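The values are calculated or read from the model by the stated rules, or taken from the named source; none is laboratory data. Remember, it's a predicted structure, so these values are computed and weren't measured experimentally. Cβ atoms come from the backbone with ideal geometry, glycine included; neighbour counts cover every protein chain shown. Just so you know, the surface numbers come from the protein's heavy atoms only, side chains and all, with ligands and any DNA or RNA stripped out. Shrake-Rupley method; radii C 1.70, N 1.55, O 1.52, S 1.80 Å.
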Amino acid sequence: MSEKVDLKKSLDGYQARTGQFRLLDVPELIYLMVDGQGDPNSAPAFAQALQALYPVAYTLKFASRRELGRDSVVPPLEGLWWAKDMDAFTAARDKSRWDWTVMLLVPDWIDSQLVESAIETVRAKKSRPPRIDDLRVESLAEGRCVQTLHVGAFDDEAAVLAQLHHEFIPGQGLALTGTHHEIYLSDVRRVAPDRQRTILRQPVRPA
């Protein structure tokens, strides 16, 4: 069996530094996805979305190791976030008005048949996740993006987002497009809020 792959270390899209906005081209990637709406801290749908994603991701990991001889660390949780009025997300931080998609990356050596088999395995379990039927597999093609690393609590992102949206992106002759994207490099269950590491990504286009 080959060495266990940690995509956080090998993929360029998972590289970012605090205080530095970096332009990069993100290739089309395949994800396990579940959608929802509302405050992620209190909306039952958010916790239920994670309960659907992780069992499939781990089933897929073990199937890859068993059938393909390729093992990997389950990739970090990612999220797409938006609101009808984006100030509710970037400035007011009114979480009750947020829409979101939480997702986990599917490694590029895993084909659709293995993914569907993993989903069906989880769906057939007695402890069937309540939102397993809401889980989908979809590609995401973001293309040109800007990203940075935020270290600290999620509620302290506003100042970094303001600088990203209103200073750096216009200063590069670019404009926002697509959806705000976050990548959670830290396990929130084990890391104090002030030490959490989150990549903040924004797709862009020429202004």
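If exposed means no more than 14 neighbouring beta carbons inside 10 Å and the site is in a DSSP loop, what's the longest run of the chain without any exposed GluC sites (Glu not before Pro)?
29-207
Please compute the contact order of the range 3-104 in relative form: average sequence separation of alpha-carbon pairs under 8 Å and at least six residues apart, divided by the residue count, as a percent.
For the range 3-104, the relative contact order is 36 percent.
Please compute, for the alpha-carbon atoms of the chain, the extent along each of the three principal axes and give them in descending order in Å.
49, 36, 32
Could you give me the ³J(HN,Hα) list for the range 122-133, computed from phi with Karplus coefficients 6.51, -1.76, 1.60 and θ = phi - 60°, whole Hz, x at Gly and Pro?
So the J values, rounded to whole Hz, are 5, 4, 7, 5, 5, 8, 5, x, x, 10, 4, 6.
Where in the range 58-164 are there chymotrypsin sites (Phe, Trp or Tyr not before Pro) that are in a DSSP coil and have at most 10 other Cβ atoms within 10 angstrom of their Cβ?
none
How far, in degrees from 0 to 90, does helix 44-63 lean away from the longest principal axis of the Cα atoms of the chain, to the nearest 10?
In the chain, helix 44-63 runs at an angle near 50 degrees to the longest axis.
Explain nothing, just the number: relative contact order of the chain, from Cα pairs under 8 Å at least 6 residues apart, as a whole percent.
So the answer I get is 29 percent.
Measure off 7 Å from each Cα along the Cα-to-Cβ vector at Arg66 and Ser139, then give the distance between these two points in nanometres to one decimal.
For Arg66 paired with Ser139, the spin-label model returns 2.9 nm.
Per residue of the range 196-207, in order, report the coupling 6.51 cos²θ - 1.76 cosθ + 1.60 (Karplus, θ = phi - 60°) as ³J(HN,Hα) in whole Hz, putting x for Gly and Pro.
5, 10, 10, 7, 9, 10, 9, x, 9, 9, x, 5
Averaged per residue, what accessible surface does the chain expose to a 1.4 Å probe, in Å²?
Accessible surface, normalised per residue, equals 52 Å².
Please give the Cα centre distance for the range 48-80 versus the range 111-164, rounded to the nearest Å.
11 Å
Once R0 is set to 35 Å, what does the formula 1/(1 + (r/R0)^6) return for the Cβ-Cβ distance between Leu185 and Glu28, expressed as a FRET efficiency to the nearest 0.05?
0.95
At 222 nm, what helix-only mean residue ellipticity would the chain give, in deg cm²/dmol to the nearest 500, using -39500 (n - 2.57) for each DSSP H run of four or more?
Rounded to the nearest 500, it is -6500 deg cm²/dmol.
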